[in-house]
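None of the figures in this text is laboratory data; all of them are computed from the coordinates on show. Because the structure is predicted, anything quoted here is derived from the model rather than measured. Virtual Cβ from ideal backbone geometry, glycine too; neighbours counted across all protein chains shown.
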């Protein structure tokens, strides 16, 4: 892309350092956490699983990171990076570069340059290695980047950061909403809290209905009387739906009167996807792949399209529709996701879908059962190891047992959870629009083709 800005050598505008190599024999000093390649995402860090290494005091500055440092992956996905924020003490391991910008270069502008360069192939000429690619420290400082004025850099980065902050806010809200839905399912259909509360209350001579109401609402029994009359009545009507006893089943102890049935008995069908990959297209319907599944949801930040001319061929077995539950049965196993409204897609390799019944199908109930620990554990026990990938026998999947409560309880669960998933899907759609806008603006702002002032004038006119 043409740019009027000067192109400079990155090494002249940054202080870069490769992290410390892990050497058990040579490492001395205090044991401290460090970032590795797996901890770095595009634009963020995954800090739940950190390793520790011994660092000596004189290594603090060399391998320590500060607020604002850009952390760049050397291998794995060379160039993947994120900006470290905050003053939490942290070190980096050899798989990472610490890049600290000097005067004249904005750290966020540099981050967005890497984000663009990672998708356009601009970094590839600087990689070393044939099968496993690396961005070495020597190569990193030789990268050539455009250098607008610091004012233009900060203005472009500010616009892009606003969009990213909105995207991340939507993701956090969706994570919270999904956790709420999962908590309801776990309480009702895994831990059986309302039933066990009734059993305990009967044994202690207390009112079992109020005990179940307490378990459902999360309020102490004494607080129930403070609820508005209509809310109290609705809560009591829900509590009545749960039985007073447990009984043995092939899934273990379950509430009395609840059934254990095979998947094929409770859904319309289980459908396999095509066993090949069509030619990519610049636009058209979405070709879902395993990479689009997070485990419990869809991630459409990276989409492969198929041409309209290929649509009939790749939906010959099944045309996915809203409310279907797509899942992976090879390689990355046991990932499930609900398909939202408005998504025109076909299944990729190693993906299949469960289609709930057209009437009273309760798709969100089955989805939550599939992603809950009991069913996930069952899948692990029935995983078939392979020479290259593990798999679930798709022909056996319809015969797998699931818990099937009475209609009224599933309907009550749907009343509570379906609106949550509608809100999640609406926010996902907004997130996708914001991501597309960011990706459209990114090259134009970095190159100077579009100025922040022109963008502001365009927004004002709109």
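Observations on the model:
- Cα-Cα separations in the range 216-256 greater than 14 Å, expressed as whole percent: 58
- Packing-based ranking, highest mean first, of 359-370, 399-410 given that Cβ atoms within 10 Å are counted: 359-370, 399-410
- Tail beyond 19 Å, pair distance distribution of the range 111-262 (Cα, percent): 72
- DSSP bridge pairs, the chain: antiparallel proportion in percent, nearest 5: 90
- Stokes-Einstein diffusion coefficient of the chain, Kirkwood radius over Cα pairs, 10 °C, 1.306 mPa s, in µm²/s: 61
- Bridge type composition, the range 260-349 - antiparallel percent by DSSP, nearest 5: 75
- Compactness of the range 7-148 was expressed as the Cα radius of gyration divided by 2.2 N^0.38 Å, which yields 1.02.
- More than 23 angstrom apart: percent of Cα pairs within the range 263-404: 31
- Sites residue 230 and residue 268, calculated FRET efficiency, Cβ-Cβ separation with R0 30 Å, nearest 0.05: 0.25
- The chain: angle of helix 150-185 to the longest principal axis, Cα-based, in degrees nearest 10: 20
- The range 59-78 and the range 333-402 have Cα centres lying 39 Å from one another.
- Seen against the Cα atoms of the chain and their longest principal axis, helix 107-120 is set at about 80 degrees.
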